[in-house]
1. For A:Tyr61, what accessible surface area do you get with a 1.4 Å probe? Give it in Å², rounded to 10.
2. In nanometres, what is the gap between the two model label sites at B:Val13 and A:Arg86, each 7 Å from Cα along Cα-to-Cβ?
3. Say R0 is 25 Å: what FRET efficiency, to the nearest 0.05, do A:Val308 and A:Asp368 get from their beta-carbon distance?
4. Mean shadow of region A:5-250, computed from the convex hull of its alpha carbons, in nm²?
5. Could you work out the local net charge near B:Glu54, counting Lys and Arg as +1, Asp and Glu as -1, over the other residues with Cβ closer than 11 Å to its Cβ?
6. Could you give the C-alpha radius of gyration of the protein assembly as shown expressed as a fraction of 2.2 N^0.38 Å, taking N as the number of residues it contains?
7. Chains B and A: buried accessible surface, both sides, probe 1.4 Å, rounded to 100 Å²?
8. How many percent of the alpha carbon pairs in region A:262-407 exceed a separation of 18 Å?
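The values are calculated or read from the model by the stated rules, or taken from the named source; none is laboratory data. These figures come from a predicted structure and were not determined experimentally. Heads up, the Cβs are rebuilt from the backbone with ideal geometry, glycines too, and the neighbour counts pull from every protein chain shown. Side chains included, ligands, DNA and RNA excluded: accessible areas come from the protein's heavy atoms. Shrake-Rupley method; radii C 1.70, N 1.55, O 1.52, S 1.80 Å.
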Amino acid sequence: MKHRVVVTGMGVVTALGKDLDTFWNNITNGKSGVSHIESFDVSEYPTQIAASVKDFNPEDYIDRKEARKMDRFVQFAVTAASSALRDSGLNIAEDTDPERVGVMIGSGIGGLGTWEDQHNILLQKGPKRVSPFFIPMMIANMASGHVSILFGAKGPNSTAVTACATGTHSIGDSYKLIQRGDADVMICGGAEATIRPTGLAGFCSMRAMSTRNDEPEKASRPFDSGRDGFVMGEGSGVLILESLEHAQKRGAKIYAEVIGYGLSGDAHHMTEPDPNGPERCMKMAIRDAGIDPNEIDYINAHGTSTPVGDRSETIAIKRALGDHAYKVAISSTKSMTGHLLGAAGGVEGVICGLTLQNGVIAPTINLDNPDPECDLDYVPDEARQCDVQVAMSNSFGFGGHNATIILKKFEA
Amino acid sequence: MSDVLDRVKRIVVDRLGADEAEVTLEASFKDDLGADSLDVVELVMELEDEFDLEISDEDAEKITTVGEVVNYIQSHT
């Protein structure tokens, strides 16, 4: 028997808000979270902007002693998971069997900041001064680990590490776990914190990021002819997925139903996209959902604002949806949030949940002169009222990893 | 003595998130102050830096209370 799976709680930590209301308000008002990087000296870097989470004091959310042993990406994950659980009203110890509650909060890169700090200590003070917490703080699976420890979630626990597809794989894999009966509840999504010298330098060397340093708020411009790369973001997006029976039994509020998941590999190149991979991924998700492509009302695009990526995704959407590609509303909220890498799918899953709940599509901002090769409806600049019934979210990662999930307005 | 104790206290409070009042000479790092094995390793590193001494792994294993640390430091500096 296949269990139906619903979204019952959501939480975010982003440059545009650390609570759902602020976040939703900002992205439906077309606000950019991108600004000049202040956390270290960027004068020698070609890219000097990012969508940084500001005024984040982990001790507001986490015990000081515990917070010290967490990399920033884990602090983001724990904070978002805690908000999502509160939003869901679920008390794991009291309301359910903890062995049926799992966690999958991935990270594309993991504890890069911890790695940098400890490597500096190694070079400056020698191996005997490297912290015993270096490895457990740095490893990418520790968001899932810490969240399970803090909330007593003893069910399935794992971590996807698929670069920028991580968050969507985490949600999709969690959906399948519940659907096939291996868990009743999954705390899932992604977390990332790579606005650090090595992270910035590495992506700069790839020529992957925008260098529009004098206009930070206009730098992330997916599908626009003037786009020149992505803008790095940081933070976390976490969803509480639950079997419908479990959610109804405890009278939970339901944001949406998860109905489809697809995943594929480009088998093409480390970093260059190939539209075939995303096309097959979207088709698989549509097949899994058992819907007709015409039923999709909204796509939250991967849309990172790189010249080749946005073009490739546009081709893939046309191939996967046929003529309906010209009718579906598509937006890239990365135009506002920046690209949260492994956390992007988590945050964008939350956006899809809010879109279905509120009947409003967040826009693609900075789309002043669409690229002639990007000729679909990207909901430019202004949010749009639309009674969205079915929403799809795409994420594609280096390595040729593709992930697509499909959410539907819940009907009992 | 009091100077060493104060400096040890400051490190223990900072690293273990303990209340200052709990950090008595008799307090055990693991049993009373909530330290796990990695906390103890980190604490030893901090103490080595603070007091400019080297504590061997063998000696470190024998130190279980705040008082033992203070005694060790006083007899090795």
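1. Here the accessible area works out near 100 Å².
2. 2.9
3. Details: r = 20 Å, r/R0 = 0.80.
With a Förster radius of 25 Å, E is 0.80.
4. Values: hull surface 57.8 nm².
With the hull built on Cα positions only, its mean projection is 14.5 nm².
5. On the way: positive: A:Lys128; negative: B:Glu48, B:Asp49, B:Asp52, B:Asp57, B:Asp59.
Summing Lys and Arg as +1 and Asp and Glu as -1 gives -4.
6. Values: Rg = 24.2 Å, N = 489, 2.2 N^0.38 = 23.1 Å.
Ratio of Rg to 2.2 N^0.38 Å for the protein assembly as shown: 1.04.
7. On the way: alone 4800 and 15770 Å², together 19440 Å².
Answer for the B-A pair: about 1100 Å² buried.
8. Working: 5370 of 10585 pairs.
For region A:262-407, the share of Cα pairs beyond 18 Å comes to 51 percent.
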